[in-house]
Amino acid sequence: MVRRVAVVGAGVSGLAATKCCLEEGLEPTCFEQSENVGGLWYYTDQAEEGRASIYRTVFTNSCKEMMCYSDFPFPDDHPNYMHNARLQHYICKYAEHFDLLRHIRFKTLVTKVKKRPDFSVTGQWEVVTRRDGKEETAVFDAVMVCSGHHVYPNLPLAEFPGIQKFKGSYFHSREYKEPEKFRGKKVLVIGLGNSGCDIAVELSTVASQVYLSSRSGSWVMSRVWDNGYPWDMLVITRFRTWLGNILPRAISDWLYVRGMNRFFKHENFGLMPLDRTSRKEPVFNDDLPSRIACGVVVMKPNVKEFRETSVLFQDGTVQDDVDVVVFATGYSYSYPFMEDDSIIKCRDNQVTLYKGIVPPRLEKPTLAVIGLVQSLGPIIPTADLQCRWAVKVFQGRWLGKCWMKGYFLFMGSSLSQHTTLQTDYVTYMDELASAIGVKPNVLKLLLTDPQLALKVFFGPCSPYQFRLVGPGKWSGARKAILTQWDRTLQ
């Protein structure tokens, strides 16, 4: 019987995990190596070893109604998209509101998580932690890994011939904090993800020239969508997901490309993805197209070779006098505290997790990896629902018996990719919600509460929908759904 649960990390996932354990009568102990909650969103002036790092001007890409914890809306007067400091304040308020802080051990590093010798019978784990130079070992019935995947920078220097002879400076984007020291310099940013685009746009206000190099292009979306409303409240709906599932793939792809090109033609800006119909996570940047149009950011293809002071690109063009290179080349996922790394990773450094949460090769499903799934949707409600699902699995109320009897079949191949697991937001959330009895029944609602049914189906698939029914039901969910547009306008 699972009772004691170790939670690794006190970011948005770790707090959700701690709260879910408490709600189900379990005893969580959350280990956090810094002195505050927030994880990625806890800003520090220097990048710290083993911790996620953000730059000073990071704003959210999901709006407040879509990215909140499902039973804890943002205050009415908060803007739709928030600066990291404001989001960090909200995360702290969440921890205080649900009295989570007393279950967190700050400045405590998890150094080892290993199966106990009798794991096949008990499913228990030994967790070794270090605080103030002292090591401590404790036994837990289950472990929730909430350490995130923006910690270990991926710096693939081997893919860039000549980088050793380059005389300028280069570093990974996790070291970047603010633009001032790059004033008047020529900067090359490699990588067309959210960080690469943000940094390129910000540097273009002070640098003499910014070049943005991309290997495969990307869709670039604006946070502000039709009629000035937040993109995700219009795009992430059950209706659109249903439509995408019933339409022939060719029509669905055509609509997708047309939608992505609605504000500007990506081809004309050198941004067009090589795989036009790729549904990989788009980049959110309201300023990049105008920065390209103004010539302060110049799009470039992949780098072929570095020279002492210049860079040769794949199209044969050479850029002279480059001072700085920023590698916005993403992160590797790593769990250095796992004694047996193959529990989470499998061949070719890929990750294989049932429902994107539980390693399928465990004799007992008592380890959950939270927050690794990536979709077009926000991470906070995703992690929240993953935790609710995982805790039910720990308790054996669902899946457990099948697992023990060996009936378990791994069905997560569609969720198995490098670094993160890509999936459709609404479909994935509904899968988890159905399994634990918290998915709203639209047809039933149509008969009992037609106003709410229409909002649930045609309106934004906001987190409150997963608190309408079942375990963890929240009495404020209906009102939160009916008033979500009011808060957005405010």
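The values are calculated or read from the model by the stated rules, or taken from the named source; none is laboratory data. Predicted, not measured: the structure shown is a model, and the values here were computed from it. So basically every Cβ, Gly included, is an ideal-geometry build from the backbone, and we count neighbours across all protein chains shown. Just so you know, the surface numbers come from the protein's heavy atoms only, side chains and all, with ligands and any DNA or RNA stripped out. Shrake-Rupley method; radii C 1.70, N 1.55, O 1.52, S 1.80 Å.
Numbers at a glance
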| read-out | value |
| --- | --- |
| Anchor K115: aspartates and glutamates whose Cα lies under 13 Å away (excluding residues fewer than 8 positions away in-chain) | E126, D141, E339, D340, D341, E363 |
| Relative contact order %, the stretch 218-346, counting alpha carbon pairs below 8 Å whose residues are six or more apart | 22 |
| Under 5 Å, built H, 5+ apart or other chain: amide partners of S332 | Y152, N154 |
| Positive minus negative residues near Y256 (Lys, Arg vs Asp, Glu; Cβ under 14 Å) | +3 |
| Rg to Rh quotient for the stretch 51-138, alpha carbon positions, Kirkwood Rh | 1.12 |
| Among [x] 37, 29, 22; [y] 41, 29, 16; [z] 59, 34, 19, the entry derived from the coordinates for semi-axes √(5λ) of the Cα gyration tensor in Å | [x] |
| Most to least packed among 110-116, 218-224 [average Cβ atoms within 10 Å] | 218-224, 110-116 |
| Amide H contacts under 5 Å for K304, placed H, 5+ residues apart | L312, F313, Q314 |
| Using θ = phi - 60° and Karplus 6.51 cos²θ - 1.76 cosθ + 1.60, couplings along the stretch 164-173 (whole Hz; Gly, Pro as x) | 5, 8, 5, 8, x, 9, 8, 7, 7, 4 |
| Surface per residue (accessible, 1.4 Å probe) for the chain, Å² | 44 |
| Surface share of carbon and sulfur [accessible, 1.4 angstrom probe, percent] for the stretch 314-364 | 39 |
| Between the stretch 242-274 and the stretch 280-348, the alpha-carbon center distance in angstrom | 24 |
| Ordering of 180-188, 379-387 by burial proxy (mean other Cβ atoms within 10 Å per residue, highest first) | 379-387, 180-188 |
| Packing-based ranking, highest mean first, of 313-324, 290-301 given that Cβ atoms within 10 Å are counted | 290-301, 313-324 |
| Charge dipole (the stretch 198-259, unit charges on Cβ, about Cα centre) - positive-most of S222, W242, V257 | W242 |
| Members of K19/K355; K439/K473; K165/K304; K364/K392 lying beyond 18 Å, as alpha-carbon distances in this model show | K19/K355 |
| All aspartates and glutamates inside 15 Å of K186 as judged from Cα atoms, apart from same-chain residues fewer than 8 positions distant | E202, E308, D320, D321, D323 |
| For R105, distant residues with modelled amide H under 5 Å away | C30, F31, E32 |
| Apportionment of accessible area to carbon and sulfur, the stretch 72-119, percent (1.4 Å) | 51 |
| Calculated [θ] (222 nm, deg cm²/dmol) that DSSP helices of n ≥ 4 give over the chain, each run adding -39,500 (n - 2.57) | -7500 deg cm²/dmol |
| Length-normalised contact order of the chain in % [C-alpha pairs under 8 Å, at least 6 apart] | 20 |
